Amino acid sequence: MSNRQTKNRASAAPRHGHDRSGRGGARRLITAGVLAGLTSVPALAGPRGEQVVHGSAVFNRRGNNTTITTSQRAIINYESF
C-alpha cells in the first residue's frame with residue numbers, strides 16, 4: 001500500500017458512527033444510568049427474627065418501615081435481613 005493510500009485511510013471518517021468529540025462517553029454514561037434505574041428493585045424485606053441478647057429494644061413495623069428503638073449498647077442478633 002502506498003503512503004498516499006495510508007494517509008487517506010487514516011483521515012477517513014470514523015466507522016460505525018463513533019467520533020472522538022467526547023459525546024460517545026456521555027451517551028454511554030446516560031445509557032448506563034437509565035439501565036441501572038430500570039434494574040434497581042426496592043427492598044421488599046426488612047430485618048426479621050430479631051433476638052435481643054443485651055440491653056433492650058422495641059421493634060415497630062408499619063408497612064415497609066421498621067423502627068427500632070434500643071437502649072445504649074444493645075446487642076441484637078437477626079435471623080435474616
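The values are calculated or read from the model by the stated rules, or taken from the named source; none is laboratory data. Note that the structure is predicted; figures quoted are calculated from it, not measured. Quick reminder, even Gly has a Cβ in these numbers, built from the backbone with ideal geometry, and neighbours come from all protein chains shown.
Here are a few things to note about the model shown:
- Residue within the range 35-45 that is modelled with pLDDT under 85, surrounded by 10 or more Cβ atoms within 10 Å (Cβ to Cβ) and either out of contact with any His (no Cβ under 8 Å at 6 or more places or on another chain) or assigned to a strand (DSSP E or B) (or both) present: yes
- Cβ separations smaller than 8 Å between residues 6+ apart or across chains give no pair from the range 57-81 residues that are touching a residue at least 60 places away in the same chain (Cβ under 8 Å) to residues that are of a type in the set (A, V, I, L, M).
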